[in-house]
Amino acid sequence: MTKRHNVETLVVLQPIAVDTDSSDREGMLVIANGMLVAVLVQLNDPEETRPGSWFMEAGFGRLRDMRLQPFDTLDDATRWVRQQMKLLAG
């Protein structure tokens, strides 16, 4: 195993308002090792199937074409990002 695989991805969340054209506006920029990799939006509409969960509104780079179910918590989302970065780094 190379040293590269021993280093855990640093994931930072930065709050931001997102214009989603809905009541879902609370967002988080997801920054992994200093690079923007995704934008999460909290689902707040009571009509949502999982209000309060976090949806990946946009993914960039390695996460660009991934379509996912919402994450229950931000911890779940950051854990998933770390796993993807490790898997996709190959």
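Derivation of every value follows stated rules applied to the coordinates shown; laboratory data play no part. All of these numbers come straight from a predicted model, not from anything done at the bench. Glycine also receives a Cβ, built like all others from the backbone with ideal geometry; neighbour counts cover every protein chain displayed.
Listed from fewest to most Cβ neighbours within 10 Å, the set 60, 71 follows the order 60, 71.
D for segment 48-90, whole µm²/s, Stokes-Einstein with Kirkwood Rh over alpha-carbon pairs at 4 °C and 1.567 mPa s: what number? Show your work: numbers first, answer last.
Values: Rh = 11.1 Å.
Translational D for this selection: 117 µm²/s.
With q set to 0.14, 0.16, 0.26 Å⁻¹, the log10 of I(q)/I(0) for segment 6-85, from the Debye formula over equal scatterers at the Cα positions, is -0.42, -0.55, -1.35.
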